[in-house]
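Working notes for the structure below.
The values are calculated or read from the model by the stated rules, or taken from the named source; none is laboratory data. The structure presented is a predicted model; accordingly, all values stated were derived computationally and were not measured. Positions of Cβ are backbone-derived with ideal geometry, glycine not excepted, and every protein chain shown enters the neighbour counts.
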Amino acid sequence: MESESTSQIYSLGYRKWEKKFKGTIYRILTIALVEAKTALGSRIVKLLIFARVAILVIGIFKLITFGISGITFMLSFDALFGLMMSPTFLPIFAGKTAFLKVFAAMLGSQFSFFDVLLIGWVGSSLISNDREYNSITLYLSRPIRKTEYVIGKYGAVFIYVLSFTWVPTTLYFFTLEILMERSFSQIAFDIVSVYFPALLSGLINGLLIMTLVLSLSSITKRGLYVGMLTAAINPLSILFSQIMRNVLGVDFWYLFSLPICLKIIQLFLIGVSPSDYFASTQETAINLSPISAGICFLFIGVLILIFLYILIRQIRKLELTE
Amino acid sequence: MPDVIIEAKNLTKFYGPIKGIESVDFEFHGGTLGILGPNGSGKSTMIKCLIGLLNITEGESYVLGYNSSKDARRIRQLIGYMPEARCIPLDMDGISVCTYFGRLVGMPKADAMQRAHECLDYVGLKEQRYRKTGTYSAGMIQRLKMAQALVHDPDLLLIDEPTNGLDPVGREEMLELIRDLNRNGKHILLSSHILPDVEETCESTLILSEGHLVKYGNLNDLLTKDREFYKIKVNNPETFYEILVNDGMMEVSIKDEILIIQGDADVPSKVIKLAASNNFQLMLLDRERYTLEEFFVELMKSQDI
Ligand SMILES: Nc1ncnc2c1ncn2[C@@H]1O[C@H](COP(=O)(O)OP(=O)(O)OP(=O)(O)O)[C@@H](O)[C@H]1O
Ligand SMILES: [Mg+2]
């Protein structure tokens, strides 16, 4: 009885599809968009996004209500989320460079604790779940190369990364421009010399964390481990770098802290001297060598390459198992 | 469409030192082909080699005229593959999975969505299609796997163990689906270790054992040829056994005092003659057919020797 109805439906509703296949780019974009959307279905992801938006709104609200020179409250809150360090140094640097300094402080490390957690969460499940449930077989039974599969997954995380760095960066930037009543020519100049470099710095941050998360995700089948490891990386590396600096007196201590390393790159890109910046935000003076930005670039670049290598090797190695 | 749907030449796959399949040769001219073999005989390995999911160690194969290693991506546009393992992503609903994998073949979103609904209707997944696949029963997963293999309207379906985990009703529906697909002009390659599955759906069969091709041909031919045997009961079976063997009868065995002889229609007359000339008392001479199961077991046994 059941079988009769199935065959009937088959012959009735069966629509011939003229078999015009779309190309590689379409398929990669499909993976990225569908995966990003699917991740949104998770309650944890929703919660983290909500927290992220709340922080953003509070940051803007603080900026508007307290003005740019009086922000000193909620320091611990700021420190916890690594975002919007209160620019207590502003009175000292008021004047021409104020805009840059405030902006740099607003950006913080450009990645909040929540961002890392969220990207860790989204990214970790992407490949490890596929491995655990063998879905990768289903992907590869489509005309999809392993590299296309990885790029697609990368794209899914990238969508999150972009929204978490570029949206806040954009909001801070234009809020600040308006608050400081900058002229149009100044704004135009800032867009080229500050805004775009800030976006670029966000991109570098994002690339690093994405690659890290995905390569971890391809090593283990357990998404949870990846999320935990990723979340632990920031605090651990800060701790480690402080030990290097204060206890062991290592010159390149900043290399042991990913957030500080990324911050140095960010400052360099938007045109603030890292030494000046840290001198004004930290209690103790920090000696940074003039080439620190270059070293950080190199270091982060190498890290990204290493993670990428691990990722590609893991994917290559994937013999399909059932 | 080419004449030869699937062609394997000396197809060999080793997983490191572990043999998957070795030197498999066959041509499939369309219709329905069942791959039979016990667990670990290389059925899944063969299917994966054909569509280029695994790197072939030696030899080559062609599917719909395309080389499995070089044009794997072209092949995968034209075939539908229903894998053996679960494979379905957990955190999506059925309709999304089906649409998604349609799009991944290259179907535009609207087409993929409409075809996904049609295919899910066809396999009989109703409102469940809006539920997360994590909540699906084994039967629903099998149906969804079938739907995703159909969504891009392939000419050839490679189906790995379709009745796994299905209850008798579910199994019958799945087999009817496969027969119906064949009636609608799809070529079908089905793998199973359950003989009746193949018997009920396939015209021809390919039997694998420990990675080797044992038999390949029309199912009915194979069955009528080798499936008959004679049961003989005599007063002194051991001695009569010797006599039969000495007379040149190759395929004789004794089981529970009963002699079993494989052979064609001249066996009875020979046996009667031998019994009479040697003074044996013939108590039973019966022509019987193996059930498919027994046939299969016998075939596997003869393969060991
Ligand atoms: N990924 C793998 N790595 C190593 N060996 C494998 C792998 N996959 C299969 N094999 C081996 O290859 C042989 C054939 O396996 P295959 O899965 O093709 O058998 P099968 O006929 O499909 O069995 P089943 O009925 O259990 O599905 C087995 O000996 C198996 O151990
Ligand atoms: Mg198998």
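The set of residues from the stretch B:21-43 being buried (at least 23 other Cβ atoms within 10 Å of the Cβ) and either near ligand 1 (Cβ under 9 Å from one of its atoms) or over 19 Å from B:Leu219 (Cα atoms) (or both) comprises B:Ile21, B:Ile35, B:Gly37, B:Ser41, B:Gly42, B:Lys43. Hey, can you tell me all the residues within the stretch B:26-40 that are within 14 Å of ligand 2 (Cβ to nearest atom) and closer than 17 Å to B:Pro162 by Cβ? Across the stretch B:26-40, the qualifying residues are B:Gly34, B:Ile35, B:Leu36, B:Gly37, B:Asn39. Of all residues in the stretch B:238-297 being on the phi > 0 side of the Ramachandran plot and exposed (fewer than 14 other Cβ atoms within 10 Å of the Cβ), which is modelled with the highest pLDDT? This residue is B:Asn279.
Conditions tested, residue by residue: (1) among the aliphatic types (A, V, I, L, M); (2) part of a loop (DSSP other than H, G, I, E, B); (3) surrounded by fewer than 21 Cβ atoms within 10 Å (Cβ to Cβ).
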| position | (1), (2), (3) |
| --- | --- |
| B:Arg129 | no, no, no |
| B:Ile141 | yes, no, yes |
| B:Lys145 | no, no, no |
| B:His152 | no, yes, no |
| B:Asn164 | no, yes, yes |
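Output yes when any residue across the stretch A:270-277 is of a type in the set (Gly, Ala, Ser), without any contact (Cβ under 8 Å) to a residue 60 or more places away in the chain and part of a helix (DSSP H, G or I), and no when none is. Taking every residue of the stretch A:270-277 in turn, at least one turns out to be of a type in the set (Gly, Ala, Ser), without any contact (Cβ under 8 Å) to a residue 60 or more places away in the chain and part of a helix (DSSP H, G or I).
Please indicate, with yes or no, whether at least one residue in the stretch B:55-63 is modelled with pLDDT under 95 and within 16 Å of ligand 2 (Cβ to nearest atom). The answer is no, given that none of the residues of the stretch B:55-63 is modelled with pLDDT under 95 and within 16 Å of ligand 2 (Cβ to nearest atom). Taking the condition within 14 Å of chain B (Cβ to nearest Cβ) and surrounded by fewer than 21 Cβ atoms within 10 Å (Cβ to Cβ), does A:Ile151 pass? Here the answer is yes, as A:Ile151 does meet what is asked. Where strands (runs of 3 or more DSSP E) sit wholly within the stretch B:1-82, those with at least 2 residues that are over 20 Å from B:Asp155 (Cα atoms) and under 19 Å from the mean Cα position of the chain (by Cα) occupy B:6-15, B:18-28. The residue list B:Ile95, B:Ile75, B:Ile51, B:Ile18 contains one member that is without any contact (Cβ under 8 Å) to a residue 60 or more places away in the chain, within 16 Å of ligand 2 (Cβ to nearest atom), within 14 Å of another protein chain (Cβ to nearest Cβ) and among the β-branched types (Val, Ile, Thr), which is B:Ile18. Scan the stretch B:158-189 for residues that are away from ligand 2 (no atom under 16 Å from the Cβ) and more than 23 Å from B:Tyr136 (Cα to Cα) and the total you get is 10.
Total residues in the stretch B:98-146 satisfying the condition of being more than 25 Å from A:Glu148 (Cα to Cα), within 12 Å of another protein chain (Cβ to nearest Cβ) and either among the hydrophobic types (A, V, I, L, M, F, W, C) or touching a His at 6+ places or on another chain (Cβ under 7 Å) (or both): the figure is 5.
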